[in-house]
Every structure is written in structure tokens, then in C-alpha cells.
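Let me begin by presenting the structure, written as C-alpha cells, before commenting on it.
The values are calculated or read from the model by the stated rules, or taken from the named source; none is laboratory data. In this text, all values refer to a predicted model and were calculated from it rather than measured experimentally. Every residue, glycine among them, receives a Cβ derived from its backbone with ideal geometry; neighbour counts consider all protein chains shown. Side chains are part of the model used for accessible areas, which takes the heavy atoms of the whole protein and leaves out ligands, DNA and RNA. Shrake-Rupley method; radii C 1.70, N 1.55, O 1.52, S 1.80 Å.
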Amino acid sequence: MADLVRTLVPLIVVMGLAAGLAVLLSGGGAGGALAVLLDFLLAAGLLRLSQAQTWAAIITAALTAVVRKLAVAGFSQHPAGRRPPGRRPAAPAPGGRDQGRTR
């Protein structure tokens, strides 16, 4: 079983790199590509953790999970002063008055 894990971990990492690149090139954005890559890296770390059972392996898996959460949260934030695509501010009514109001 240990030989299988040693073979699968690098394969999962390479698959993660390929999947992240595919997401980036297909227009998923840097945040989406990073999320996919970090999911694969977390899977590889957990697989390695299942065999290693050392504190270093546990810390590596935990740090991978934390980095993934922080990176995805950071990429989901929009820079100050910029709106997310597809959302436009409401246009003011002609003449400066709200046409829906009655007197």
C-alpha cells in the first residue's frame, strides 16, 4: 500500500497542475485555477498523511488547507473602488428627480 501512495502522490500533484492550468486557460480566472490546484495539493497531502502519520505530515496538510482557504478568500475579494462584473450602478432619473415619486 505504501508503494501505491508513493506513486499516486506525485501523479495527483501533476494532475492538479494540469487541471489548474486548464481552468486558467479556459477563462476560469486565477482564483478558480488556484482553488483547483490547492484542492489537488490537499488531496495529495492527505493521501501522504494516511501513510506517514507524523507531526510534520499533519502540519503540512493543515497548512495546505489554511493556505487554500486564505488564497481563495483573497481572490474572491474585489479591489476597492471596483465593482464585480455584471453589476452596474443605478442610473439617476433624467432631470435629477425620481420619476416614481408623486407629490
Those residues of the range 48-67 which are open to solvent by 50 Å² or more (accessible area, probe 1.4 Å) and either in a helix (DSSP H, G or I) or touching a residue at least 60 places away in the same chain (Cβ under 8 Å) (or both), in sequence order: Arg48, Ser50, Gln51, Trp55, Ala56, Ile58, Ile59, Thr60, Ala62, Leu63, Val66, Val67
Subset of the range 15-38 (residues that are within 14 Å of Gly74 (Cβ to Cβ) and open to solvent by less than 40 Å² (accessible area, probe 1.4 Å)): Gly29, Gly31, Gly32, Ala33, Ala35, Leu38
